[in-house]
Every structure is written in C-alpha cells, then in structure tokens.
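Input: a single structure, listed below in structure tokens.
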Amino acid sequence: MPKLLKTRLVPVIPPALQSLHPVLARVYAARGVQSTEQIQHKLKHLATAQQLHGMTAALDLLTTALQQQQRIVIVGDFDADGATSTALSVLALRAMGAKYVDYLVPNRFKFGYGLTPEIVDVALADKNPQLIMTVDNGISSREGVERAKQAGVKVLITDHHLTGKTLPDADAIINPNQPDCHFPSKNLAGVGVAFYLMAALCTHLKNLGWFANKPIPNMADFLDLVALGTVADVVQLDYNNRILVAQGLERIRAGQCRAGIKALLAVAKRDLASLQAEDLAFAIAPRLNAAGRLDDMSQGIECLLTTSTQEAQFMAQALDELNIERRHIEGDMQDQALAALQALDWTEENLPSALVLFNPEWHQGVIGIVAGRLKEKFHRPSIVFAPVDESSDFIKGSARSIAGIHIRDAIELVTVRHVGLVTHFGGHAMAAGMTIPRANFVAFQQAFLQVIDEIATEEHLTAAIVTDGELAATEINLELAQLLRNSGPWGQAFLEPLFVGEFALNDFNVLKEKHLKFKLAHPLTGDDLEAIAFNVDMKTWSNQTQRLLLAYRLDVNTFRGTSRLQLKVEYWRIVE
C-alpha cells in the first residue's frame, strides 16, 4: 500500500559524537545516543543482576537445589526465545554441578502455552521434580503454580512478559516487568532473564566456596544463546540488550558458539565471520521456530544442547526441512487470508481499523507468521485464529500490532468489557496470543474492532517509512556501508540506518519472478550502482521506468571474497 516517507528528526549532535563519521554521528543521535559509552558494548556496562526484584529468593531456591541435588525441571516455551532460554538454563546448571536437571516444553497442539496444570501433571508423572523453573513463561500461570505447590514442588518463575493483575503464588519470580522491579531494562528477552539469573547464581556459589574443587563456568560462554534468543524475540534493543547481542555476535563470529548454531548457519548458507544480527533473525530463528510451530521444540533445544558436530548437522538439516514445510503452509494460509479479505470486500482503500480472521483449516503453528504478514502488508493490527485441534470447541489467536497500538492492552480492554469472551491471553505491546471459544469468534471480532476504532488515529493507521534523510553523493560508497554494518547491532527500536534518494535507472532484471535487481547511475560518478528490492508486486512495475525514488540501506555484497556496495531497497516509487 502507499507509504509516507518521513525523515527522522535529528537533534543537535552531542559533542561526544562529533569525532565520528558525520553520517554515523547523525544516525546515533537520532536514536538517542548521547555519549560514546552508549556505543561501547562492554559487559562491565550491563545493569546488575541484583536490580532484578526477587533475585535473593531465586538464588536461595537454586542454591538449595544444588546443595541437596534436587531434581530440577526447566519448563520452557516453544519459540526461539524459549528454546535458547531452556538450553542456556540446562547447560548452565549442569556446568555448576547440577546432576538432575531436565527440561520439558509443552507441545503447543496438545497443551498450549505456559505452565498449565496439565503440563505440571506431565512433569510430575514423567520427571518427578522437586523444583520447577519456568523460562520465557509462567507469569500468568496461576493455576499451574497452584497445582505444582499442591504436589509439594517448589516453583521459580523467570519470564519477561507483561504481568496481569494477580501474580502466581510462586516461591520466587524474576521478571523485569513485575511490580516493584526497578531493573532499568524492561526489554530483556526470556533468555536475557535466564542469563541474568544463571550469572548471579554462579557469582553467589563462588562466594559460598562452591567451586573450591571444581571449575568455575565462564558465563560469557552462553552469550551466543542470549544474542540468538534476544534478536529472535524482536525485543527492543536498548543499550543493555545491545551489549548482550554485540557480545554474543562477537563470540559466534569467532566460532565460540554452540555446535548447533554453527550447523544452523551452515544450512542457511550464512558466513560465520561476517554474521549480523539480521542473520540470527532471518536465518537461525525461523529454523528453530519451525520445530515448535510444526512439531516439537525439543528438536530445536537438542540442536542447541549437543556438543557433537555430526549430531548438530543432522538436527540442523531436519530443522531446515521443517522450515521449508512451514513456508509452504504459511504461503497457502496467506493466500487464503487475502482471498477472505477480498470476499469481505475489504480493499486497501476501505480496510477496517484491524484485521481479525479465522479459518477452521488453518494451522495453529503458523498463525503468528500470517498475522505478521497481514500487519506488514496492510498496516493494521492483525489477529489470525486457528482451531486448537479438530475436535476442540476453542480456537487460538495470534496477534501482531503496529506502532502506537498496544495489542495486549487492547485485548485486555475487550476482556474487561465482555467478561467470558476470552478464555485467556497474554503478550506484549506488539504481539500477543489468546484462546477463545470458537462460538465467540464473531463477537470477539466485533468487540476488538470497536476497541481499535476508539484508540487508533489516522496517523496510527497510515503506513510511514521513517528514513535518516539523504546521503551526499560522496557518501554512497562501500566504506560507509562497512562502517554502518559494524556499528550495530541494529534491530527493534534501534533500527538499521535507512536513507532516501532519487536515482536514474540504467537497467533491471527480474529474479525468481518476484525480486528486482537494479543497475542505477551513481549520482557522483555515473557508474553502475547495484540495488535489489525483494518481494515486489510486479503489477506496480513499469518497463518504461527511468527514474526511481528509493528508501534504501547501504549493504555489503560479498561474493567469492570480493565485497561490493549494494543498495538494499525497502521502498521504491517511480518518479514520473
């Protein structure tokens, strides 16, 4: 759909940044960077673990569990954040001397999300835990915690999702978003929370003399998992998260990472040495997530746990095949969703304020991706529902939102106004999940649309691309592209620089019937300048095009050891 191009406001460049390349200085300043310390990704600048509310109680639980060699069961989540959180916790506890630590990830198709009473019963029957520790879930699991405590099992919750009005009666809770927690970064992913707890435990045990006769784990060795889970969960890359991601990326590039991460990068044909945060997001995360979406996330976790190169390669290949299957299912569902919109006479010109769709044939594991695609295509909060299973009276929805519309709060407002309409829900500002009775779909659709109608403004619903302005002709070069690439990590709320400019078109090629490869005239030299636009609607393209307005990123295209400048086009418009 048509998009507005806006230029990001740049405040006065702080004196501390004025020694940097002028483009980099303005990019940093526009993202709120005030000092060079904020671009130094050193571990010593991390917020301290003791700022997390509940840390003392959590350390007491884990210390007792280790001292008494209790049976610990990690209950994880079925996405990449949950997988990395689970793997990190299992590996760290084993490295600190735990002999009885195991994990359990609910199958999304059978048990759903979180520490439910049903998954507690499975843990009790199969693993007989004395301590259950949740990662990336649990903050809304009141009934599950109650079931565990009735059975005499201690419960430690680690989570990062927003809390409800009532917290579970767990023995300890670590969550930067719980009340009375003054931890400065509210944007930790689940794996970040788990890392902080494990690092604090290691320090605590060291102070107790626990490692007198055994090696002390180097907690920095787990930062590869932290980087992967943080980027995969699309949390905001505030300064604290940038440190975690930058440190993890540095270790992966040096080959100091899990065998499974190396294997996943290999099947995705990504180069280890030049790895960027976007490679974690678009190469590894989808393959890990495919296990949880279509089968069982244990496959992904085992890939991250194994120390065998051969096993990792075998598992990574299996995950790659699952991801290919996931793409096929997603494509079919997206086509059906678009057809459903057309049947409702919803076009880009008369779209409602939100899109809420359900199809009894859709696959529960892929609804979040389809909701995200609809949100991107139509710039509307989108919720996609699928059946819990063939015989269930309930359906599950996955929601994705646009800037300015807090999707979890919008769903909560529906539940307040219409008691009983939603069975349960949870999530963030930009993503949420819920379960409702199938019979309630139309009523929920109407109630949700009413809420969005009330809170969404025309500005919210108008797609806009915010750029960092124009580059001078002398600045469109490989050197600046390499500088910007190495000045991240870039990601959510700390976006990779995006520039705007007009270019003369010398030639173009269509790749795989959906991508456009441009040869542009460099505005300074007139030489050919490569550019590529992915997933183009060819109906909007004219073979007579002579000039283009582009919103683009400076990218480095390396082939057979040679690096060239390439513009990665995010938006294009024909200039008449």
Residue list for the stretch 267-292, restricted to those being of a type in the set (A, V, I, L, M) and not in a helix (DSSP H, G or I)
A268, L272, A273, L275
Matching entry among R553, R573, R564 (being part of a strand (DSSP E or B), at pLDDT 85 or above and farther than 25 Å from L483 by Cβ)
R573
Going through Q130, Q150 one at a time, which residue ends up being in contact with a strand residue (DSSP E or B) (Cβ under 8 Å, 6 or more places away or on another chain) and farther than 24 Å from H406 by Cβ?
Q130
Identify, please: which residue in the stretch 508-527 is of a type in the set (D, E, K, R) and out of contact with any Asp or Glu (no Cβ under 8 Å at 6 or more places or on another chain) and is, among those, nearest to L480 (Cα to Cα)?
D527
Quick test for you: out of T158, T230, pick the one residue that is of a type outside the set (F, W, Y), touching a strand residue (DSSP E or B) at 6+ places or on another chain (Cβ under 7 Å) and either free of Cβ contacts under 8 Å to residues at least 24 places away in the same chain or under 30 Å from L275 (Cβ atoms) (or both).
T158
Name, by its number, the condition in (1) surrounded by fewer than 24 Cβ atoms within 10 Å (Cβ to Cβ); (2) farther than 24 Å from M198 by Cβ; (3) among the basic types (K, R) that does not hold for K262.
(2)
Just the residues that are part of a helix (DSSP H, G or I), aliphatic (A, V, I, L, M) and over 17 Å from the mean Cα position of the chain (by Cα), please, taken from the stretch 359-386.
L374
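The rows are residues; the columns are (1) crowded, with 24+ Cβ neighbours inside 10 Å; (2) farther than 16 Å from A58 by Cα.
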residue: V145; (1), (2): yes, no
residue: A151; (1), (2): no, yes
residue: K154; (1), (2): no, no
residue: T166; (1), (2): no, yes
residue: A199; (1), (2): no, no
residue: H204; (1), (2): no, no
residue: N218; (1), (2): no, yes
Would you mind finding the one in D238, D224, D171, D233 that is closer than 23 Å to F282 by Cβ and in contact with a Lys or Arg (Cβ under 6 Å, 6 or more places away or on another chain)?
D224
Kindly provide the set of residues from the stretch 485-513 that are under 18 Å from D528 (Cα atoms), of a type in the set (D, E, K, R) and free of Cβ contacts under 8 Å to residues at least 24 places away in the same chain, ordered by number.
D507
Got a number for residues in the stretch 542-558 being within 15 Å of K517 (Cβ to Cβ) and either within 29 Å of the chain's Cα centre (by Cα) or crowded, with 18+ Cβ neighbours inside 10 Å (or both)?
5
So, Q482, is that one assigned to a strand (DSSP E or B), out of contact with any Leu (no Cβ under 7 Å at 6 or more places or on another chain) and outside the structural domain of A403 (by TED's automatic domain parsing) or not?
no
Identify the residue in the stretch 47-79 that is in a helix (DSSP H, G or I) and of a type in the set (S, T, Y) and, among all such residues, is farthest from A232 (Cα to Cα).
T64
Taking Y113 as the residue in question, decide whether it is farther than 28 Å from P179 by Cβ and not charged (D, E, K, R).
no
Just to verify a result, which residue in the stretch 435-472, among those that are acidic (D, E) and either within 26 Å of the chain's Cα centre (by Cα) or in a helix (DSSP H, G or I) (or both), is farthest from T415 (Cα to Cα)?
D468
Residues G144, G82: which one is assigned by TED's automatic domain parsing to the domain that holds V226, touching an Asp or Glu at 6+ places or on another chain (Cβ under 9 Å), free of Cβ contacts under 8 Å to residues at least 60 places away in the same chain and in a helix (DSSP H, G or I)?
G144
Residues that are under 30 Å from Q178 (Cα atoms), part of a loop (DSSP other than H, G, I, E, B) and outside the structural domain of A493 (by TED's automatic domain parsing): does the stretch 13-32 have at least one?
yes
Of the criteria (1) touching a strand residue (DSSP E or B) at 6+ places or on another chain (Cβ under 9 Å); (2) surrounded by fewer than 19 Cβ atoms within 10 Å (Cβ to Cβ); (3) not aromatic (F, W, Y), which one Q34 fails:
(1)
Conditions (1) within 22 Å of the chain's Cα centre (by Cα); (2) closer than 27 Å to N207 by Cβ; (3) assigned to a loop (DSSP other than H, G, I, E, B) -> F109 fails only (2)
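The values are calculated or read from the model by the stated rules, or taken from the named source; none is laboratory data. Nothing here was measured: the structure is a model prediction, and the numbers come from that model. Note: ideal-geometry Cβ built from the backbone for every residue, glycine included; neighbour counts use all protein chains shown.
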